[in-house]
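The values are calculated or read from the model by the stated rules, or taken from the named source; none is laboratory data. Being a predicted model, the structure only gives us computed values, none of them experimental. Note that we place each Cβ from the backbone using ideal geometry, even for glycine, and neighbour counts take in every protein chain shown.
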Amino acid sequence: MLFNRETDYAIRVIRNLSTDQPKSISSIVKNEYISEAIAYKVSRKLEKGGLIIGVRGSNGGYKLVRPLSEITLYDIYRIMEPNSYVSECLRGNSHCPNNEVNTPCMVHAEFARIQDDLFKNLNSRSIADILNN
């Protein structure tokens, strides 16, 4: 599994926000070297996912809903890539004739273990911990 470009940009947007003052897209773009169009697109997804909120007005922009100490890479990843799995066979609606109740597929089981470990690792440290390391 690789993070897609939007997820990378979403991590950059989150990194630039704080809970006290809203930050404009133009200042985020300047700090992170990403286009305004992608910054707006990513910010809308993060807002819909509940990590940030938009603030209107002359001093408006976006700000975090909760502090960086309560946000993990997993939180961002699941918003940006909600249907991403290490293998297609892990999707709930996928059926593999090699993975039946009476004859489970050991490769499927290994992919499930890897995905579980990956999600645990993405959820193990907050963005604040990562940035302050």
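Taking the stated definitions as given, is Leu51 out of contact with any Cys (no Cβ under 6 Å at 6 or more places or on another chain), without any contact (Cβ under 8 Å) to a residue 40 or more places away in the chain and under 18 Å from Arg125 (Cα atoms)?
Numbers: out of contact with any Cys (no Cβ under 6 Å at 6 or more places or on another chain): yes; without any contact (Cβ under 8 Å) to a residue 40 or more places away in the chain: yes; under 18 Å from Arg125 (Cα atoms): yes.
So Leu51 passes the test.
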Among the residues of region 62-115, what is the count of those that are under 14 Å from Leu2 (Cα atoms), surrounded by 17 or more Cβ atoms within 10 Å (Cβ to Cβ) and of a type in the set (S, T, N, Q)? 0
Please specify each residue of region 71-119 satisfying the condition of being farther than 24 Å from Lys48 by Cβ, among the aliphatic types (A, V, I, L, M) and either touching a Ser or Thr at 6+ places or on another chain (Cβ under 6 Å) or free of Cβ contacts under 8 Å to residues at least 24 places away in the same chain (or both). Val101, Met106, Val107, Ala109, Ala112
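Look through region 12-54, keep the residues that are charged (D, E, K, R) and farther than 20 Å from Glu81 by Cβ, and return whichever of them is modelled with the lowest pLDDT. Quick ask: steps written out before the conclusion?
At the first step, the residues of region 12-54 found to be charged (D, E, K, R) are 12, 15, 20, 23, 30, 32, 36, 41, 44-45, 47-48.
With the extra rule that they be farther than 20 Å from Glu81 by Cβ, the set shrinks to 20, 23, 30, 36.
Numbers: Asp20: 81, Lys23: 93, Lys30: 90, Glu36: 93.
My answer is Asp20.
Looking only at helices (runs of 4 or more DSSP H) that lie completely in region 1-119, which have at least 3 residues being polar (S, T, N, Q)? Reasoning before the result, please.
Details: elements: 5-16, 25-32, 36-48, 73-80.
Per the criteria, 25-32.
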Extreme residue, farthest from Tyr77 (Cα to Cα), among residues of region 10-25 that are touching a residue at least 24 places away in the same chain (Cβ under 8 Å) and polar (S, T, N, Q): Gln21
One residue from Arg78, Arg56 being under 16 Å from the mean Cα position of the chain (by Cα), of a type in the set (Lys, Arg) and closer than 26 Å to Arg44 by Cα: Arg78
For region 84-91, check the following and say yes or no: at least one residue is among the small types (Gly, Ala, Ser) and within 13 Å of the chain's Cα centre (by Cα). yes
State all residues of region 35-53 that are of a type in the set (Gly, Ala, Ser) and either within 15 Å of the chain's Cα centre (by Cα) or within 13 Å of Lys23 (Cβ to Cβ) (or both); if no residue qualifies, say none. Ala39, Ser43, Gly49, Gly50
